[in-house]
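Working notes, beginning with the structure itself.
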Amino acid sequence: MSKVFASLGISLDGYVAGPHAGPDNPLGDGGERLHAWLYGVEAWRNRQGPGGGETGRSGLVVAETFDRAGAYVMGRRMFDEGERAWPEPPPFRAPVFVLTTSARDAWVREGTVFTYVTEGIHAALDQARAVAHGKDVQISGGAHTVREYLNAGLVDELELHLVPVLLGDGLRLFDGVDPALRLVKDRVVDTPDVTHLRYRTVR
């Protein structure tokens, strides 16, 4: 049976983005440091266009994440930050459903159609599952969207890519998450630059 999962980079002090994040400053001040480990990984570089890069444990994690996702859900804020920055083709290569309060025509790009959903998180997830062809659905972010799905009990797995940096300010993932949420450690993949922590949620 397919799963719903989220996968995010996070700092040691719990931030998934730095301060002042927005379309002109994706990930906020210092937020790029959360993904520095990713940019040299072969699986990521193959999706982004330049090719090459390193294989290894992080590469296997990234490749698995790409392979398992048959559709994506993201918040409007994440979409607004990425709309200007994503290359052609964008890195998803699968349908993306964008949560929004403002209706908009679907945005068709090579390999990816962005569909805007105004009916809420359940409707977006239902639409994503319907087109995922039995594969998993990834809740891409941002933090507010992942929190909504966690609090609604709709996330089966949460993978955190823990980076040994301190941001000091910005957007915390777990602010506002129901403290009754129970996470059970499922896998740890450790590398010098990042530790990949995967948890199962228990309802």
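Data for the structure
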quantity: Single condition LEU60 does not satisfy, out of (1) buried (at least 17 other Cβ atoms within 10 Å of the Cβ); (2) under 16 Å from SER7 (Cβ atoms); calculated: (1)
quantity: The range 146-168, residues that are touching an Asp or Glu at 6+ places or on another chain (Cβ under 7 Å) and crowded, with 21+ Cβ neighbours inside 10 Å; calculated: LEU167
quantity: So GLY52, is it at pLDDT below 90, closer than 26 Å to VAL189 by Cβ and assigned to a loop (DSSP other than H, G, I, E, B); calculated: yes
quantity: Selection from the range 118-128 of residues that are surrounded by fewer than 20 Cβ atoms within 10 Å (Cβ to Cβ), in contact with a strand residue (DSSP E or B) (Cβ under 6 Å, 6 or more places away or on another chain) and touching a residue at least 12 places away in the same chain (Cβ under 8 Å); calculated: GLN127
quantity: Filtered residues of the range 68-109 (kept if aromatic (Phe, Trp, Tyr) and touching a residue at least 60 places away in the same chain (Cβ under 8 Å)); calculated: TYR72
quantity: Count - residues of the range 60-101 that are small (Gly, Ala, Ser), out of contact with any Leu (no Cβ under 7 Å at 6 or more places or on another chain) and within 20 Å of LEU150 (Cβ to Cβ); calculated: 2
quantity: Hits in the range 30-39 (condition: touching a residue at least 12 places away in the same chain (Cβ under 8 Å), closer than 19 Å to PRO50 by Cα and not in a loop (DSSP other than H, G, I, E, B)); calculated: HIS35
quantity: Unmet criterion (only one of (1) part of a loop (DSSP other than H, G, I, E, B); (2) touching a residue at least 40 places away in the same chain (Cβ under 8 Å)) for THR65; calculated: (1)
quantity: Residue match in the range 11-29 (condition: in contact with a Gly (Cβ under 8 Å, 6 or more places away or on another chain) and assigned to a helix (DSSP H, G or I)); calculated: no
quantity: Residues of the range 60-89 classified as more than 16 Å from LEU27 (Cβ to Cβ) and more than 16 Å from the chain's Cα centre (by Cα), total; calculated: 4
quantity: Residue within the range 157-175 that is of a type outside the set (Ser, Thr, Tyr) and without any contact (Cβ under 8 Å) to a residue 60 or more places away in the chain present; calculated: yes
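The values are calculated or read from the model by the stated rules, or taken from the named source; none is laboratory data. What you see is a predicted model; the values in this text were computed from it and never measured. Don't worry about glycine lacking a Cβ; one is built from the backbone with ideal geometry, like all the others, and counts go over all protein chains shown.
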